[in-house]
Amino acid sequence: GPYAFQSCHDLRGVRFGSSLKIIDLCAFNATGLIEVIIPDSVESIEYGAFSYCFLLKAITIPHSVEYIGNFAFFQCHALKSIRIPRSIKEIGTTAFGFCESLVEIHYEGGIEQWQQISKGYDWCLYTGAIVVHCTDGDVEL
């Protein structure tokens, strides 16, 4: 639920149940997670779910996810690259804001599909020089 593990700074890993549908509001905010594999049952990553996870280096987002909420990965300083499935319909405001190391997004669809995703205001504010690698070419942000 909301704030479930917030500020558990020593939390380095997590295993999710196979029936989980939503990673809730600030559920892992300010934890010590390093790598996260989200199960195929998840449809939504909510507001601030992984924000302030300064050590988070890798996250696997499955094809079941359609929504990445506002501030979902805000200030995940160690995150350099992320794979986004073509199932994503919306990326919220400042979802990847202040992820200074983020320089690559691997999108599993084409450029036109990438451009059709609803992206919130400053969704990638203060990130690295991001290149989105699509199946049919690259987009520089």
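Points to keep in mind about this one:
- The residues of the chain expose on average 49 square angstrom of accessible surface per residue, using a 1.4 Å probe on protein heavy atoms.
- The fraction of accessible area contributed by carbon and sulfur in the chain is 51 percent, rounded to a whole number (1.4 Å probe; ligands and nucleic acids excluded).
- Applying 0.36 nm per residue to the separation of Gln113 and Lys89 and subtracting their alpha-carbon distance, the gain on full extension is 7.7 nm.
- Förster radius 41 Å - calculated FRET efficiency between Asp122 and Ser41 (Cβ-Cβ, nearest 0.05): 0.85
- Convex hull volume of region 31-70 per residue (C-alpha atoms, cubic angstrom): 61
- Across all directions, the average projected area of the convex hull around the alpha carbons of the chain is 6.8 nm².
- Nearest-0.05 FRET efficiency for Ser81 and Leu20, computed from C-beta distance (R0 25 Å): 0.55
- Sequence-separation-based contact order of region 1-127, relative, with Cα cut under 8 Å and 6+ spacing, percent: 19
- Ligands, DNA and RNA excluded, the heavy atoms of Thr93 present near 40 Å² of accessible surface to a 1.4 Å solvent probe.
- Model label zone, Ser64; criterion: amide N under 15 Å from point 7 Å along Cα-to-beta-carbon; scope region 13-53: 15-24, 37-46
- Whole-number Å³ per residue for the convex hull built on Cα positions in region 1-82: 70
- Eigenvalues of the alpha-carbon gyration tensor of region 87-139, scaled by 5 and square-rooted, set the equivalent ellipsoid semi-axes at 18, 14, 7 angstrom, largest first.
The values are calculated or read from the model by the stated rules, or taken from the named source; none is laboratory data. None of these values were measured; they are calculated from a predicted model. Because the Cβ atoms are built from the backbone with ideal geometry, glycine has one as well, and the counts that use them run over all protein chains shown. We work out accessible area using only protein heavy atoms, side chains counted, and drop any ligands, DNA or RNA first. Shrake-Rupley method; radii C 1.70, N 1.55, O 1.52, S 1.80 Å.
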